[in-house]
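Trainee: Shown below is the structure under consideration.
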Amino acid sequence: MLLLIVVLEVIYLTHNSMLASESVRAEEIKAEIAKLDEQNKILKSEVLSRSSLGVVASRAAEMGFEKPKEFISLKKNNSIALKHE
Amino acid sequence: MRYKNFSPRFLVLILGLLALYTFLLGKLFYWQVVRAQEIKEIRDLQSTESLELLPERGEILFNDNFPIATNNINYLTYANPKIITDIPKYSNDLSGVLGYDSASISARLNQDLYWVRLGVFDYKRKEKIEKLNLDGIGFQIETSRYYPEASMAAHLIGFVGKDDQGQDQGYLGLEGYYNMQLKGKAGKLYVVKDALGNPIVTDIREEKKVDGRSLLTTVDRTVQYIADEALKTGVEKYGAEGGSIIIMEPSTGKVLAMSSFPKFDPQKYYEYDGDVYQNPAISKLYEPGSTFKVLVMAAAINEGLVKADTRCDICAAPVQMSGFTIKTWNNEYHPNATMTEVIQNSDNTGMVFVGQKLGIAKMNDYMEQFGFGEKTGIDLQGEASGALRRESEWLPIDLATSSFGQGISVTPIQLLTAVSSIANGGYLVKPYLVEKIFEDDGEEIEIEPKNKRKVLSSAASEVMKWIMVNAVEAGDSKWVTLDPIAVAGKTGTAQIPVEGRYDPNQTIASFVGFFPAQNPKISMLVLVNRPKTSIYGSETAAPIFFSVARDLVQYYGIQPE
C-alpha cells in the first residue's frame with residue numbers, strides 16, 4: 001500500500017514537472033514567434049518604403065532617367081528593309 | 001415486519017444519516033446548480049486571466065498587390081522616474097535621440113510618477129534609445145496604419161481615426177466604405193492559473209480573433225502616380241484652386257485612378273482642415289457646362305431626332321427665349337451648322353435646337369437614364385447624388401440651358417460614367433474599386449463588373465463617338481492631340497454660380513473623353529477648379545488630359561488602329 005502511494009506520488013510529481021517545463025517552453029516559443037513577427041513587420045515596412053513609386057521616381061531622376069518626350073507609332077505595315085535582287 | 005428487530009437507537013442513527021445525506025445533496029444542488037454560474041465567475045476571477053486579442057486591420061492593395069494601406073509597428077516609449085538617479089544627464093542623453101529639448105524631458109521625469117510617456121517612435125529610433133543603456137526605459141508595441149505611397153490617392157483611401165470608444169474606425173474613401181470588412185473581430189485568451197499563479201498550459205481557452213479582410217482594388221499604381229503628378233503640375237501651372245482626374249475602363253467601370261488636389265496625408269490627417277478630406281471627384285456637385293452637350297446630343301441621336309449631318313436652323317444668331325438671350329461662348333455664329341459642327345464649335349444655340357427637338361419629357365428621362373440624380377454606387381464613402389428637378393418643374397428656359405450644361409448639377413464620377421456609355425456601346429456601368437476581397441481563412445470573394453442598364457443603342461453611341469473624335473481634331477482643343485491615336489472628347493468651361501448669378505471669371509474647366517476611339521480602353525475626366533491663367537477647358541484641362549493620355553498610351557502600349 002505504502003509502495004503504491006509512493007509510486008503514485010512520483011508519477012504525480014513527474015507529470016507536474018513536465019507540465020511546468022512545457023509551460024516555460026511554450027512561453028519561450030510564443031516570445032520567439034512574437035519577436036519574429038515584429039521583425040517581419042519592420043522588414044516589410046522597410047521594403048515598402050524603399051519601393052514606393054515616389055522613392056523610385058526620385059532615385060531614377062537622380063540617376064539621370066527621363067520621361068520619354070514623344071512616341072512614334074507606325075501607321076501602316078511598311079517594310080523596314082527591302083532586299084535588292 | 002423485518003424492521004421490528006432494529007433497535008430505536010439504530011433507527012435514529014439511520015434517519016439521522018439520511019437527513020444529513022439529504023442536507024448534503026441539497027447543499028450540493030444549491031452550490032452546483034442554483035449558484036453554479038456565480039461560483040464559476042468567482043473561480044474565473046481568481047484563477048483565470050483573460051487577454052483581449054486585437055485583430056489586425058486588413059490591407060488595401062493596388063492591382064499589382066502593392067499595399068496602398070497596411071499596418072506598421074511603432075513603440076510607445078515610457079520611463080519610470082522613480083528609479084532614475086541623475087535626471088539632468090538622463091534627459092540630456094535622451095534629448096539627442098528623441099529630438100526634444102532636454103528641459104522638457106527633464107520636466108516630465110521630475111514628476112512624482114512611476115510611469116511617464118516619452119512618445120511613440122519607429123524601430124530605428126527605438127534601437128538608438130536602447131543603445132543608450134538607460135535604466136527605467138520601457139517599450140510597448142503599437143500597431144498603426146501605414147500608407148507606403150504617402151498621400152498618393154489620399155481621397156480614394158480615406159483614413160483611419162478613432163471612434164467614440166477609442167477603437168480604430170475608417171473614415172471616408174475605401175477605409176470608410178469597407179470599415180466593417182477591414183476591421184475584423186477581436187478575440188479573447190483565457191489562461192487558467194494554478195495556486196501559485198503559473199499558467200496551466202493544458203487549460204488555455206481561446207476565442208479566436210478574426211483579422212480584417214484585405215481588399216484588392218482595381219487601382220493601377222502607375223496610372224495613379226501619373227494622374228497625381230499631372231494634376232499637381234497642372235493645378236500649379238494654371239494657378240487653379242484644385243482639380244480632379246478620374247480614369248476608368250469604360251467597358252467595365254473599373255476605376256484605374258482617382259486623384260484630387262489639394263490632397264492630404266492620410267497618416268497625419270489630423271494636421272489638415274476637415275474640408276480637404278472630402279473627395280471632390282465623388283462628392284462635389286458642379287455644373288458640367290459644355291461636356292454635358294455630348295450626352296444631350298447622344299440622347300437626340302438615340303431617339304432618331306437628329307443625325308450627324310442634320311442642320312441647325314436657329315444657329316445664325318443669338319436665341320431669344322423667355323426674356324433671355326442665349327449666345328455662343330465666343331459670340332460667333334454658324335448658320336446651318338451640322339450636329340457634328342455644333343459639338344465641334346461647342347455651339348450653345350445649336351444645343352438649344354437639339355434640346356427643343358428632344359423636349360422636356362425625354363430630356364428628363366435621359367438625365368435619369370444616364371444616372372444623374374442618383375448615386376453611381378461606387379464603393380467609396382461620401383458619394384453625393386445631386387437632385388434632378390421633377391418633370392413638372394421644368395420651364396422652357398431650363399430645357400435650353402440644360403442642353404448646354406447649365407442649371408444642372410452633377411458629380412464628376414456621374415459625368416464620367418455617363419460619357420463612358422458612349423464609349424462602350426451604350427451601357428451605363430457601375431463604377432467600382434474593389435475587385436477581390438480576401439478573407440482571413442484564405443477564401444476569396446470576387447466582385448464582377450455590373451451594367452446598370454442600356455441607355456443608348458450601339459449605332460447611336462457609334463455616331464456620337466465619331467462626332468466627339470471630330471470635336472477633338474477640329475474643335476477648340478485641336479492644338480493638343482494624341483496623333484495617331486484617335487481620341488473622342490469634349491471640353492467644358494462651366495461658370496460658377498455665385499449669389500444667384502454666374503461669375504464670368506470663375507470657372508470649372510474640364511475635359512472628358514476616351515481613347516482609342518475605335519476600341520476605347522480608357523475614359524477620363526479632368527477638372528480644373530478656378531484656373532487663373534485661362535478660364536477655358538481647352539487651355540487648361542485639355543493639356544492635362546492629353547499629357548496623362550500620352551503617358552497611358554506608352555504605359556499600356558496602346559497601338560493606333
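A short reminder: the numbers here are calculations on the coordinates, not readings from a lab. Nothing here was measured: the structure is a model prediction, and the numbers come from that model. We place every Cβ from the backbone using ideal geometry, glycine too, and count neighbours over all the protein chains shown.
Trainee: Show me A:35-46, B:481-492 ranked by packing, highest mean number of other Cβ atoms within 10 Å first.
Mentor: Working: A:35-46: 13.7, B:481-492: 22.9.
Packing proxy ranking, top to bottom: B:481-492, A:35-46.
Trainee: With θ set to phi - 60° and the Karplus curve 6.51 cos²θ - 1.76 cosθ + 1.60, what are the ³J(HN,Hα) couplings of region B:411-425 in order, to the nearest whole Hz, using x for Gly and Pro?
Mentor: Rounded to whole hertz, the list is 9, x, 5, 4, 5, 5, 5, 5, 5, 4, 5, 6, 6, 9, x.
Trainee: Divide by every residue of chain B the summed helix terms, -39500 (n - 2.57) for each DSSP H run of at least 4, and state the resulting mean residue ellipticity at 222 nm, rounded to the nearest 500 deg cm²/dmol.
Mentor: Working: 17 runs with 189 residues, N = 561.
Only helices count here, giving -10000 deg cm²/dmol.
Trainee: Also, I was wondering about something else. How well do other chains shield peptide A:45-55, expressed as the mean number of their Cβ atoms within 10 Å of each residue Cβ? Working shown, then result.
Mentor: Working: counts 10, 2, 1, 8, 5, 1, 3, 9, 13, 8, 3.
Partner Cβ neighbours, averaged per residue: 6.
Trainee: Here is a further query. Residue B:29 to residue B:115: FRET efficiency via 1/(1 + (r/R0)^6), r the Cβ-Cβ distance, R0 45 Å, to the nearest 0.05?
Mentor: 0.40
Trainee: So how do A:84, B:155, B:334 line up by other beta-carbon neighbours within 10 Å, fewest first? Let's see the in-between values first.
Mentor: Working: A:84 3, B:155 27, B:334 17.
So the ranking, lowest neighbour count to highest, is A:84, B:334, B:155.
Trainee: Charges only on Cβ, +1 for Lys and Arg, -1 for Asp and Glu: so what's the dipole of chain B about the Cα centre, in debye to the nearest 20?
Mentor: Numbers: 57 positive and 69 negative charges, 343 e Å.
Dipole about the Cα centre, nearest 20: 1640 debye.
Trainee: Still on this structure: How long are the three semi-axes of the equivalent ellipsoid for chain B, computed from the Cα gyration tensor as the root of 5 times each eigenvalue, in whole Å, largest first?
Mentor: Semi-axes from the Cα gyration tensor: 67, 34, 20 Å.
Trainee: Could I ask something else about it? Based only on other Cβ atoms within 10 Å, what is the fewest-to-most ordering of B:376, B:22? Don't skip to the end; give the middle numbers.
Mentor: Values: B:376 24, B:22 10.
Arranged by neighbour count, lowest to highest, B:376, B:22 become B:22, B:376.
Trainee: Give me a single rounded figure for B:118-129: the average over its residues of other chain Cβ atoms within 10 Å of their Cβ. It would help to have the intermediate numbers written out before the result.
Mentor: Numbers: counts 0, 0, 0, 0, 2, 7, 2, 0, 1, 0, 0, 0.
That works out to 1 on average.
Trainee: Okay, next question. For residue B:455, list long-range residues whose amide hydrogen, built 1.01 Å from N in the peptide plane, is under 5 Å from its own amide hydrogen.
Mentor: Close amide H contacts, sequence-distant or interchain: B:427, B:428.
Trainee: How far apart, in nanometres, would the label points at residue B:42 and residue A:55 be if each is projected 7 angstrom from Cα along the Cα-to-Cβ direction?
Mentor: The two pseudo-label positions are separated by 5.9 nm.
Trainee: Of A:55, B:34, how do they rank once you tally other Cβ atoms within 10 Å and put the fewest first?
Mentor: Details: A:55 15, B:34 11.
In order of increasing Cβ crowding within 10 Å: B:34, A:55.
Trainee: While we're looking at this one, here's another question. Just to check I understand the Karplus step: with θ = phi - 60° and J = 6.51 cos²θ - 1.76 cosθ + 1.60, what whole-Hz values come out for region B:213-226, glycine and proline as x?
Mentor: Calculated HN-Hα couplings, in order: 7, 9, 10, 9, 9, 8, 6, 8, 4, 5, 5, 5, 5, 4 Hz.
Trainee: Compute for the protein assembly as shown: radius of gyration divided by Kirkwood radius, i.e. Rg/Rh, restricted to C-alpha atoms, rounded to two decimals.
Mentor: On the way: Rg = 36.0 Å, Rh = 30.2 Å.
When Rh is taken as the Kirkwood radius, the ratio is 1.19.
Trainee: Considering every residue in B:62-71, what mean count of other chain Cβ atoms within 10 Å of its Cβ is obtained? Before the final figure, lay out the partial values.
Mentor: Details: counts 1, 0, 0, 0, 4, 4, 0, 0, 4, 3.
Whole-number average of other-chain Cβ neighbours for B:62-71 is 2.
Trainee: Sticking with this one: For each pair in B:375/B:452; B:430/B:532; B:185/B:436; B:232/B:430; B:375/B:450, compute the distance between the two Cα atoms and list the pairs where it is over 23 Å.
Mentor: Working: B:375/B:452 12 Å; B:430/B:532 34 Å; B:185/B:436 20 Å; B:232/B:430 28 Å; B:375/B:450 14 Å.
Beyond 23 Å: B:430/B:532; B:232/B:430.
Trainee: May I ask which of B:284/B:490; B:89/B:126; B:162/B:208; B:124/B:254; B:188/B:254; A:67/B:521 have a Cα-Cα span longer than 29 Å here? Present the calculation step by step, with values, prior to reporting the outcome.
Mentor: Details: B:284/B:490 20 Å; B:89/B:126 19 Å; B:162/B:208 23 Å; B:124/B:254 40 Å; B:188/B:254 39 Å; A:67/B:521 23 Å.
Violating the 29 Å limit, Cα to Cα: B:124/B:254; B:188/B:254.
Trainee: Given a cut-off of under 8 Å on Cα pairs at least six residues apart, what relative contact order in percent is computed for chain B?
Mentor: Numbers: 1182 pairs, mean separation 79.2, N = 561.
Normalised by residue count, the contact order of chain B is 14 percent.
Trainee: Taking the highest mean first, how do the peptides B:44-55, B:358-369 order by number of other beta carbon atoms within 10 angstrom per residue? Don't skip to the answer; put the middle values down first.
Mentor: Details: B:44-55: 13.2, B:358-369: 18.3.
For the peptides B:44-55, B:358-369, the packing ranking is B:358-369, B:44-55.
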